[in-house]
Each structure stands twice: as C-alpha cells, then as structure tokens.
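Participant: Quick one: structure below, then a few questions.
Just so you know, all these numbers are worked out from the coordinates, no wet-lab data involved. The model shown is predicted, which means the values in this text are computed figures rather than measured ones. All Cβ positions, glycine included, derive from the backbone under ideal geometry; neighbour counts span all protein chains shown.
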C-alpha cells in the first residue's frame, strides 16, 4: 500500500499562539511529508510494501538492515499520533475517569505534570515524551529519535515531540516553555481517553 500524509485534524493556525502556523507548515508539510515519501520509496518492491504501518514498524524494528525503514515508518506513526494529541483550546486536566487513574498511578495530576515535563526535558537530543499504559498501569517514558512505545510492548496514550523542529521557530532553545504550553493549552484529553479505552 502507498502511505499518505494525513491532513492535520485542525486548521494550521488554530494552535496559535502556542504553536504557530509557520511551525506547523514546516513540521507537518515538510518534515512529516519527507518521512512518508522516504518510507514509500524504501518499501517499494519489498515484502513490507503491502503491510500496515504498524506491521512495518514491528517487522523492521529488530532488523539492522532495515533501520532506515524503521526510522521513517516510526516517524510517520509518531507524527500522526502527535497531531491528534493536540487540539485548539486543549490542555488542563482530563475527565474524572482518567484523572482518577493519574491520581492512583502518579499520586496527583501535579506529579504527572512534573514527571511528564521532566521526561521531555531530560530526553537528550531528539525524541519524544510519552504517557503510556503498561500492564494496566499508567507510566511516563521517553524515547530517542524515532523510537516509540509499541516496540517495547507498551501502548501510547499521549506524546510530546521534543525534536527541535517541533518548537524551535516559536521557542528557540526554551524547550521547557514549549512543554508547559503543550500540557497547559494543547493536550487533547479526549484522544488520550479514547486510547486508554481501547487499551483496557
């Protein structure tokens, strides 16, 4: 199958002032598109060509000869997931069901907030901060480059992209300000809750 760049789930200017339309035009229209184009070129004529994106990721993850395929496939998945993790006028606290799980597994929403922010800030170089569910329990993790939770048997619920291209045009080197804006103003908790429901 041919993989295509999915449209953003909202207008490109609707996350302002927290993420600019300029950033999204580069991040979605150029970076994400490049991963899609590279993936299609890399799998053409191979036994991966007819597989779903998730199957390509899992099959290429442990194969050192297919690292370029894994990197591009995982980045296509990661970015599509990331766009859906945000919405205009998002952020704040989730609904009672998810908040109760957060309180149970982290102690409080504030502990979750601080833990997620710390994961995002301590990911050295490019990567991702994640809220995942692992064996029925919420956890915070981080991955470098294109790595993602599904390769490690965990289910992603929420992610924040901390590659510099995700925030540098708007925040320069102030990653902490970007992560706080993401949590306070952008998180699409309805999407997170849908992922949780499907995982349980």
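Participant: Fewest first, what order do 32, 165 take by the number of other Cβ atoms within 10 Å?
Facilitator: Least crowded to most crowded, the residues run 165, 32.
Participant: Continuing with this model, one more query. Please rank 160, 85, fewest neighbouring Cβ atoms within 10 Å first, as an exposure proxy.
Facilitator: Ranking 160, 85 by Cβ neighbours within 10 Å, fewest first, gives 85, 160.
Participant: If you don't mind, another one. Mind listing P(r) for the range 21-84? All alpha-carbon pairs, 10 Å bins, whole percents.
Facilitator: All Cα pairs considered, the percentages come to 23, 52, 21, 4.
Participant: A further question on this structure: Quick one: helix 109-122 against the long Cα principal axis of the chain, what's the angle to the nearest 10°, folded into 0 to 90?
Facilitator: The angle comes out at about 40 degrees.
Participant: What number in nm² do you get for the range 96-199 if you take the convex hull of its Cα atoms and divide its surface by four?
Facilitator: Value for the range 96-199: 6.3 nm².
Participant: Pairs of alpha-carbon atoms within less than 8 angstrom and 6+ residues apart define the contacts here; what relative contact order does the range 96-199 have, in percent?
Facilitator: 24
Participant: Here's something else I'd like to know. For the range 57-89 and the range 3-18, what is the separation of their C-alpha centers, rounded to whole Å?
Facilitator: What the calculation gives is 18 Å, centre to centre.
Participant: Oh, and also: Please state the shape class of the range 118-157: rounded when a/c is under 1.5, otherwise prolate if a/b exceeds b/c and oblate if not, all from the C-alpha gyration tensor.
Facilitator: Oblate shape, in that a/c is at least 1.5 and b/c is the bigger or equal ratio.
Participant: May I ask you to sort 102, 56 by Cβ crowding, counting other Cβ atoms within 10 Å and putting the fewest first?
Facilitator: 102, 56
Participant: Please list 60-68, 170-178, 76-84 highest first by mean number of surrounding beta-carbon atoms within 10 Å per residue.
Facilitator: Top of the packing list down: 76-84, 170-178, 60-68.
Participant: Could you grab the relative contact order for the chain? Cα pairs under 8 Å, six or more apart, rounded to a whole percent.
Facilitator: About 24 percent, as a whole number.
Participant: Once you have the alpha carbon radius of gyration of the chain, what is it after dividing by 2.2 N^0.38 Å, with N set to its residue count?
Facilitator: Taking the Cα Rg and dividing by 2.2 N^0.38 Å, one obtains 1.00.
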